[in-house]
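Colleague: Dumping the structure here so I can ask a few things about it.
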Amino acid sequence: MKSFWELVKREFHLFFQNKVLMVLFLGAPIMYGILVGSVYKKGSVTNLPIVVVDEDQSPLSKQLIDMFNDNEVIYVASILPDNFKAHEEAMRKEATVVVQIPRNFSSNINYNRPTEVTLFVNTSNTLTSNYAMMAANVCVATMKAGIQIKSLEKKGVPEYVATQQYEPFKTTIIRQNFKSGNYLYFMLPGVLLTVFQQVLMLGLALSFASEFEKGTFGTLVDKSSNVLKLLFVKLTPYLLMSVLIYVLYYGYSLIYRMPLHIEGFTFWGASLLFLLAVGFLGILVSIAIPTQLQATEILMVVATPSFILSGFTWPLSQMPAWVVAFAKCIPLTHYLQIFRTLVIEHGKAEMVTSSIWGLTIIAVVTFVLSVILLQWKINKAKKLKAVEG
């Protein structure tokens, strides 16, 4: 029994000697608790933008718009006179609901003619779209009740009877961008792209760290001391293998009957930019950290919460500013936004400009730092060899 506790004591000693393991074991639960808690701290979403197409331009339609703005869940980000550019404006404002108030809305109600308010709901993000749709529908239903109750009371109908009889206009809800009709279409692409980032990042974390750990970096430098050549030698195999991953993912879309219509240069150009941003981030950590285990441990800290922080399920607008700043340092945040806009919502290239710039900044910064750090390592290896020679 004494030997058992001596061995246990030894394990504690080894644990506290490994600083990285100690930080991960003790620090990760603290960090993830703070991150995830901060992301979902509000518990419910508020101030979601919607777009209103007001073809009526009447006091009644303006009253309905005021009711939308008074609701704590939604606010009117844009008011358009017609439906011509409504889809593009909704994507620009990141609005998941477009409310269309038809022409002659007010007069049709006054003369008891049929009319309807239409809600176009973008269900590419089921959580935010449901919140916005329900809030808009509550406002419309409240107006319906108010109009009919007043009308019935003027006719001498008792208030308690009037409150049970109201339908002055109809509400139609049209769901968009929910092709498969189930949750799979929403979740699978996000999860697969998260896994893709993780395996790519962890694979490249071993690229230079394995050379340092095995003592083969000097041999590598003897073959070539060109920094750019060495960087792209390490990166190229992963870029080529990534093509196979994309083919595999396309195969999943066929197996699960999820139609993916990918058109134009923008998505594939952004995909290459995503691969470079993730690749250089992995390489930078691999150069900076001398052991494979520590390099993978550090990148796991970045990769593990990336899906939660990406804004794919819970909108970035509902997160604290410091969490958003951290999320925008992760390539997946920008790439999922590009995927959703171009592939699911069929948006235009100019709608993902900020996300493309985000990926560009990450790729350029990590590339420059990798070049500087690798050049320093090469110079150090050359000096060491000269001293030994």
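Colleague: Sort through TYR160, TYR246, TYR185, TYR250 and tell me the only one that's under 30 Å from CYS139 (Cα atoms) and either modelled with pLDDT of 75 or more or surrounded by 16 or more Cβ atoms within 10 Å (Cβ to Cβ) (or both).
Modeller: On inspection, the qualifying residue turns out to be TYR185.
Colleague: Do we find a residue being at pLDDT 75 or above, over 30 Å from VAL301 (Cβ atoms) and open to solvent by 50 Å² or more (accessible area, probe 1.4 Å) anywhere in region 88-100?
Modeller: Taking every residue of region 88-100 in turn, at least one turns out to be at pLDDT 75 or above, over 30 Å from VAL301 (Cβ atoms) and open to solvent by 50 Å² or more (accessible area, probe 1.4 Å).
Colleague: Right, here's the next one. Only residues that are among the polar types (S, T, N, Q) and open to solvent by less than 80 Å² (accessible area, probe 1.4 Å): list them for region 351-389, please.
Modeller: Scanning region 351-389 gives THR353, SER355, THR360, THR366, SER370, GLN375, ASN379.
Colleague: Quick one: what pairs do we get from region 45-58, first residue on the phi > 0 side of the Ramachandran plot, second open to solvent by 30 Å² or more (accessible area, probe 1.4 Å) and modelled with pLDDT under 90, C-beta under 7 Å, 6+ apart or different chains?
Modeller: Pairs found: ASN47/TYR75.
Colleague: Quick check on my filter: what residues within region 59-86 are open to solvent by less than 10 Å² (accessible area, probe 1.4 Å) and touching a helix residue (DSSP H, G or I) at 6+ places or on another chain (Cβ under 8 Å)?
Modeller: Residues satisfying the conditions are SER61, LEU64, PHE68, ILE74.
Colleague: I would also like to ask the following. Restricting to helices (runs of 4 or more DSSP H) lying wholly in region 293-389: which have 1 or more residues that are without any contact (Cβ under 8 Å) to a residue 40 or more places away in the chain and either of a type in the set (Val, Ile, Thr) or more than 20 Å from LEU200 (Cβ to Cβ) (or both)?
Modeller: Where helices (runs of 4 or more DSSP H) fall fully within region 293-389 and carry at least 1 residues being without any contact (Cβ under 8 Å) to a residue 40 or more places away in the chain and either of a type in the set (Val, Ile, Thr) or more than 20 Å from LEU200 (Cβ to Cβ) (or both), they are 321-327, 331-339, 353-388.
The values are calculated or read from the model by the stated rules, or taken from the named source; none is laboratory data. Not measured: the values here are computed from a predicted model. Please note: Cβ atoms are built from the backbone with ideal geometry, for glycine as well, and neighbour counts cover all protein chains shown. Only protein heavy atoms, including side chains, enter the accessible area calculation; ligands, DNA and RNA are left aside. Shrake-Rupley method; radii C 1.70, N 1.55, O 1.52, S 1.80 Å.
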